[in-house]
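The values are calculated or read from the model by the stated rules, or taken from the named source; none is laboratory data. Just so you know, these numbers come straight off a predicted model, no measurement behind them. Every residue, glycine among them, receives a Cβ derived from its backbone with ideal geometry; neighbour counts consider all protein chains shown.
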Amino acid sequence: MGGSRVAITGLGCVCALGPDVPTCAEALFLGRKDRVAPVRFEDSYSPTSPVFQVASPLPAPSRWLKHGVSRTNSLALAAVREALADGGLTSSPGSLRVGVCMGTTVGSALNSTRFYRGYLDRKEPDMSPVSRFLSNNPALFIAREYAFSGPCQTVVNACSSGTDALGIGASWIAAGICDVVVAGGADELSRVTYEGFASLMVTDDEMCKPFDRNRKGLNLGEGAAALLLESEYSWRMRRKPPRGFVVGYGAACDAYHLTAPSPDGQGLRQAIAYALETSKKASAEISFVNAHGTATLDNDRVEAITLHEMLPGVPFLSTKGHTGHALGAAGAIEAVMTMICLEKGRIPASAGFSVADPQLPANPNASTKEIVGSCALSESLAFGGHNSVIVIEHSND
């Protein structure tokens, strides 16, 4: 990004914490509530792992899709509508070049088990689920919904998809390709994903406990978040003061394992270094880190070691104890949470953490804490060894 400050003029979020950013901001500091077993699909595994579902009703989108709108896109639309309203971009963008970059992993591809069973049984299944999936590309859906004609990209890069979408969207603005970018991520709960993670034996049959000595694995979640990213020319022309800025982005792949991060944190180290370099920020200027913090043994160990060595003394936390792991939406949701904390000047306790792990060199934040400074890191670690980090700065303009 070359040190360019890309403004954040609007935020939108829907997740287990609430249906909008103000509700999520309030709930983030109230402590977590118990989550429930999945109710939108039957589970064949026992014991049942809790999940973080979106309970609030979703807005009804326009019905231009012949085969219907996926839940992923309904979640995305709720977040984008809020971000556009927050950013004051509710009417036609006029001459502004507006791009869309959305991350996802599951999308709507995995909730069509009836089709897959029919196909495997060599029957002639109804092809509408395939057509529904192909027509529900999240970025294209949002672009068509609002008649945005700029660049349009859906990022599918496992659990770093939402963070990568933000980094890519910011790079479009920094390169002068766009004036405005709607960037974020969305993912729905799916039986196939739920049972897939259970088969990997990385889910907890209780509430997840990131960085805790007794952590056993993750809880899945769902949701969406969107950030309205904007060039200085655009926000000044519209007289819309920024809430903050994306000032850095780094991504690196260690290619160590299909599902586990490199034990030495090589990829994460490179991503953090790139993000700090592009932001032109020193490690001492970072107020806190919103860690990936899945509550799996390997992820938390690698993150704790890397953060202790690269950002010693900088407080860190995981918000997945509040939201669950929303996969492709996680990075975008966590970017919104990071912006909320910067605006409030404090961070909450890392939900689920109570007992220090003697094998970790550093522990997450254990109580509400005031922060010093205006910059924070939000990071994502994904299957395939991919690591993504963005640097967010609170606006003083």
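Within the range 89-112, take every residue that is surrounded by 14 or more Cβ atoms within 10 Å (Cβ to Cβ) and more than 21 Å from Gly162 (Cα to Cα) and give me the one that is modelled with the lowest pLDDT. Don't jump to the end; show me each part of the working.
Restricting attention to the range 89-112, the residues satisfying the condition of being surrounded by 14 or more Cβ atoms within 10 Å (Cβ to Cβ) are 89, 93, 96-112.
Pick out the ones that are also more than 21 Å from Gly162 (Cα to Cα) and you get 89, 93, 96-97, 112.
Numbers: Leu89: 92, Pro93: 74, Leu96: 89, Arg97: 93, Ser112: 68.
Residue satisfying both the conditions and the ranking: Ser112.
Listed by first and then second residue, the pairs with beta-carbon distance under 7 Å, at least 6 apart or on different chains, first residue in the range 273-298 and over 20 Å from Thr368 (Cα atoms), second at pLDDT 95 or above and aromatic (Phe, Trp, Tyr), are Ala275/Tyr249; Thr278/Tyr249. Of the residues Ile305, Ile392, only one is at negative phi and surrounded by fewer than 24 Cβ atoms within 10 Å (Cβ to Cβ); which? Matching residue, one of Ile305, Ile392: Ile305.
Within the range 218-254, being touching a strand residue (DSSP E or B) at 6+ places or on another chain (Cβ under 9 Å), more than 18 Å from Gly331 (Cα to Cα) and not charged (D, E, K, R) holds for Ser231, Ser234, Trp235, Pro241, Pro242.
Summed over the range 350-397, residues that are under 19 Å from the mean Cα position of the chain (by Cα) and more than 30 Å from His257 (Cβ to Cβ) total 3. Go through the residues of the range 354-371 one by one and say whether even a single one is small (Gly, Ala, Ser), touching a residue at least 24 places away in the same chain (Cβ under 8 Å) and touching a Cys at 6+ places or on another chain (Cβ under 7 Å). No, there is no match, as no residue in the range 354-371 is small (Gly, Ala, Ser), touching a residue at least 24 places away in the same chain (Cβ under 8 Å) and touching a Cys at 6+ places or on another chain (Cβ under 7 Å).
Any residue in the range 233-256 that is charged (D, E, K, R) and closer than 26 Å to Asp357 by Cβ? Yes, the range 233-256 contains a residue that is charged (D, E, K, R) and closer than 26 Å to Asp357 by Cβ.
Residues that are in contact with a Cys (Cβ under 8 Å, 6 or more places away or on another chain) and assigned to a helix (DSSP H, G or I) were ranked within the range 71-130; the one that is farthest from Ala225 (Cα to Cα) is Glu82. Please work out if Ile333 is hydrophobic (A, V, I, L, M, F, W, C), within 24 Å of Glu393 (Cα to Cα) and touching a Cys at 6+ places or on another chain (Cβ under 7 Å). So Ile333 passes the test.
Against the test of being more than 22 Å from the chain's Cα centre (by Cα) and modelled with pLDDT of 80 or more, the options Ala147, Ala139 yield a single qualifying residue, Ala147. Could you check how many residues of the range 223-242 are farther than 22 Å from Ala143 by Cα and surrounded by 21 or more Cβ atoms within 10 Å (Cβ to Cβ)? Of the residues in the range 223-242, 1 are farther than 22 Å from Ala143 by Cα and surrounded by 21 or more Cβ atoms within 10 Å (Cβ to Cβ).
Does Ser46 meet the test of being at pLDDT 80 or above, among the hydroxyl-bearing types (Ser, Thr, Tyr) and farther than 24 Å from Ile390 by Cα? Write out each step before concluding.
Numbers: at pLDDT 80 or above: no; among the hydroxyl-bearing types (Ser, Thr, Tyr): yes; farther than 24 Å from Ile390 by Cα: yes.
Answer is no for this residue.
Yes or no, residue by residue, for (1) assigned to a strand (DSSP E or B); (2) within 21 Å of the chain's Cα centre (by Cα):
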| position | (1), (2) |
| --- | --- |
| Ala165 | no, yes |
| Ile168 | no, yes |
| Ser171 | no, yes |
| Gly185 | yes, yes |
| Pro210 | no, yes |
| Leu228 | yes, yes |
| Tyr233 | no, no |
| Lys240 | no, no |
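What residue, among those in the range 245-277 that are modelled with pLDDT of 95 or more and β-branched (Val, Ile, Thr), is surrounded by the most Cβ atoms within 10 Å (Cβ to Cβ)? In this case the residue turns out to be Val246.
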